[in-house]
Structure formats: C-alpha cells, structure tokens
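The values are calculated or read from the model by the stated rules, or taken from the named source; none is laboratory data. What you are looking at is a predicted structure, and each value in this text was computed from that prediction instead of being measured. Methodologically, a virtual Cβ is constructed for each residue, glycine included, from the backbone with ideal geometry; neighbour enumeration extends over all protein chains shown. Heads up: the accessible areas ignore ligands, DNA and RNA and are worked out on the full protein's heavy atoms, side chains in. Shrake-Rupley method; radii C 1.70, N 1.55, O 1.52, S 1.80 Å.
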Amino acid sequence: MLNSTILNASQARFDAVAATEKHLRRHGAGLCDLLDALDDRGGFDALCDLHSAVSERFPDADAVEQALRDIFRILSEQAPSVLDRISHERSLPASDMTRWHGARVSELLARFRHAG
C-alpha cells in the first residue's frame with residue numbers, strides 16, 4: 001500500500017518545481033539582469049544552477065529549492081548603498097527589483113516548505 005502522505009508531498013514538490021520553472025520563463029531575464037549587476041558572483045551562479053536543475057528531464061526538487069535559497073539569501077544580503085550604486089551606474093531600479101524578486105523567490109520557497 002502506498003502512503004498517501006508521501007504521494008501528496010511528492011506531488012506538492014513537483015508542483016513547486018513546476019511553479020519555479022514557470023516563474024523563470026516569465027521573469028528569469030529580469031532576475032538574471034539583477035543578479036548580474038550585483039557584486040556577488042554567487043547569485044548569478046545560483047541562477048545558473050537553478051536553470052540547470054529545472055531543465056533536467058526529471059528535475060531534482062532539492063537542487064531547485066537549494067538554488068532558490070541561495071538566490072534569496074544573496075538578494076536579502078544586499079546593502080542599500082550597493083543597490084543605489086547599481087541604480088545610478090546601470091540605470092536599473094535595483095532596490096525595487098531586489099524587493100520584487102526577493103518576494104517572488106520567497107513565495108516559491110514557501111511552496112517547497114509546505115510540500116515537505
């Protein structure tokens with residue numbers, strides 16, 4: 001007999017991965033622009049890891065979740081002075097972008113937390 005709790009958690013993690021993939025298709029370019037502009041190379045690397053993980057035939061939900069955690073951490077660690085400098089130098093609304101993308105990544109992470 002299969003445990004329905006395990007099946008429900010597996011389905012919820014699959015749904016979280018699918019939501020992440022959908023989000024990347026719609027907003028990945030903006031997140032890429034932001035992470036590229038930041039002084040922390042780890043953010044761009046985490047985005048590459050995320051793209052790689054969701055591109056697999058059978059995505060590893062743990063790898064997707066970890067990449068999202070890394071991106072969220074990097075976004076949340078940005079000093080306002082760094083974001084102001086980026087805004088000025090690159091004509092990017094870096095503070096607004098960081099808040100918006102941080103909130104969306106947080107929402108995606110919440111889907112993983114509720115799945116576990």
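Computed 3J(HN,Hα) for the range 77-84, one whole-Hz value per residue from the Karplus formula 6.51 cos²θ - 1.76 cosθ + 1.60 where θ = phi - 60°, is 8, 6, 6, x, 5, 5, 5, 5, glycine and proline marked x. Projecting the Cα atoms of C48, F14, G28 onto the charge dipole of the range 1-114 (Cβ charges, centred on the Cα centre) puts F14 farthest toward the positive pole. Counting only Cβ charges, +1 for Lys and Arg and -1 for Asp and Glu, the dipole size of the chain around its Cα centre is about 400 debye. What a 1.4 Å probe finds exposed on the chain is 51% carbon and sulfur by accessible area, rounded to a whole percent.
When every Cα-Cα distance of the chain is counted in 5 angstrom steps from zero, the calculated P(r) takes the values 2, 12, 22, 23, 16, 11, 7, 4, 2, 1, 1, 0, 0 percent.
Each residue of the range 37-43 is assigned a 3J(HN,Hα), and the resulting list reads 6, 6, 6, 9, 4, x, x Hz, derived from the Karplus form 6.51 cos²θ - 1.76 cosθ + 1.60 (θ = phi - 60°), x at Gly and Pro.
Our helix-only sum for the chain, with -39,500 (n - 2.57) per DSSP H run of n ≥ 4 divided by its residues, gives a mean residue ellipticity at 222 nm of -29000 deg cm²/dmol. Across the chain, the mean sequence separation of Cα contacts (distance under 8 Å, 6 or more residues apart), normalised by length, yields a relative contact order of 35 percent.
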